[in-house]
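The values are calculated or read from the model by the stated rules, or taken from the named source; none is laboratory data. Here the structure is a predicted model, which means the values were calculated and not measured. No Cβ is skipped: glycine too gets one built from the backbone with ideal geometry, and neighbour counts run over all protein chains shown. SASA here: full protein model, heavy atoms, side chains in, ligands and nucleic acids out. Shrake-Rupley method; radii C 1.70, N 1.55, O 1.52, S 1.80 Å.
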Amino acid sequence: MRILNILNGDLALGPFRESGLPGETLVWREVYTEGPLGTGSEDPEHFRHLRARYLAEIVPEYTEEQLLRALERMDEALLSLTAGDRLRIWADACMFDQGMVARVLFITALLNRNRRPEVELLEEDAVFSDAALFRDLDRRGVLLTQEQVDSGKDLWKAYATHTSALPVSPAFRFMKEGLERHAAEKPSGGGMGRTARRILELARKECSPLELFRNLAEMERYPWQGDSSLWRRVDSLAEAGLLRVTDSAGKTVKLSGVTREILAGCRIVRPGAFAADEENSRV
């Protein structure tokens, strides 16, 4: 029996190898909390092209073609599994992992039932940085039914379209909350998402990028975004004239385009002209 272990992020790879647990490993190097996700129903090839174009913009050290090949290898690793194999998805409660769970199940559900691998979900509200955690959770995984695997199509569509009104099986411990948090980024009634509103509220008082990052993190139950993602959000709000971002000399800059040394001296503030905006938007 072939065993494929899906891990989110390279941080988990070392501890997993130290755990001595069997099987191949695949680090899922995609983050679905940012960028276009389509309608949730696109065929994998179309979706890979959609994501590769976007990722090439935010990680310019890789070409769109290189990113496309990497995304293909990830999908092919899942689609190459067959009956008698086992897919083990290791995930924590954070939004990065819940998006990964939905996407991996979506891809797996494309396989005919008679040739699907067994699918086991191993979830814990913890950071997978300890080999002992892997060994402990190894005994507490949930073997999903065919119906639960099939539900991956609906889970992914809900995630991609920022929908939270979807019945979720108790087998997915953190998915319901994940869908609700993700949906808050694009309110059904329109307007700004939760993160943008929080940034503008916190920026009423001048702060450094790292102060903003820490304050936002304290507002989240589970990790939601990395620093690079936040810098891009801040830059977008600044381009819209809702924030002012300056370096230590008072020069306007883009956070996503500065070195760490310059970043340390940057300041973020919401211009007084916009201080009355969004007063009716609750964080």
Residues within segment 65-103 that are assigned to a strand (DSSP E or B) and among the hydrophobic types (A, V, I, L, M, F, W, C), tallied: 4
Hey, can you tell me all the residues within segment 237-253 that are closer than 13 Å to residue 271 by Cα, among the hydrophobic types (A, V, I, L, M, F, W, C) and surrounded by fewer than 16 Cβ atoms within 10 Å (Cβ to Cβ)? 240
Six or more apart or on different chains, Cβ under 8 Å: which pairs go from a residue in segment 130-141 that's touching a residue at least 60 places away in the same chain (Cβ under 8 Å) to one that's assigned to a loop (DSSP other than H, G, I, E, B) and crowded, with 16+ Cβ neighbours inside 10 Å? Could you list them? 133/124; 134/21; 134/128; 135/21; 138/21
Please enumerate the residues belonging to segment 1-28 that are part of a helix (DSSP H, G or I), buried (at least 18 other Cβ atoms within 10 Å of the Cβ) and in contact with a Leu (Cβ under 7 Å, 6 or more places away or on another chain). 16
Of the conditions (1) open to solvent by 60 Å² or more (accessible area, probe 1.4 Å); (2) under 22 Å from residue 225 (Cβ atoms); (3) of a type in the set (D, E, K, R), residue 34 clears all except one; give me its number. (1)
Set 122, 110: member being buried (at least 16 other Cβ atoms within 10 Å of the Cβ) and not in a helix (DSSP H, G or I): 122
Return yes when residue 48 is more than 17 Å from residue 182 (Cβ to Cβ), touching a helix residue (DSSP H, G or I) at 6+ places or on another chain (Cβ under 7 Å), open to solvent by 60 Å² or more (accessible area, probe 1.4 Å) and touching a residue at least 24 places away in the same chain (Cβ under 8 Å) and no when it is not. no
Here the residues within segment 180-220 that are within 16 Å of residue 255 (Cβ to Cβ) and either open to solvent by 70 Å² or more (accessible area, probe 1.4 Å) or in contact (Cβ under 8 Å) with a residue 40 or more places away in the chain (or both) are 196, 199, 200, 203, 206, 207, 208, 209, 210, 211, 212, 214
Within segment 65-80, residues being open to solvent by less than 30 Å² (accessible area, probe 1.4 Å) and among the polar types (S, T, N, Q) number 0
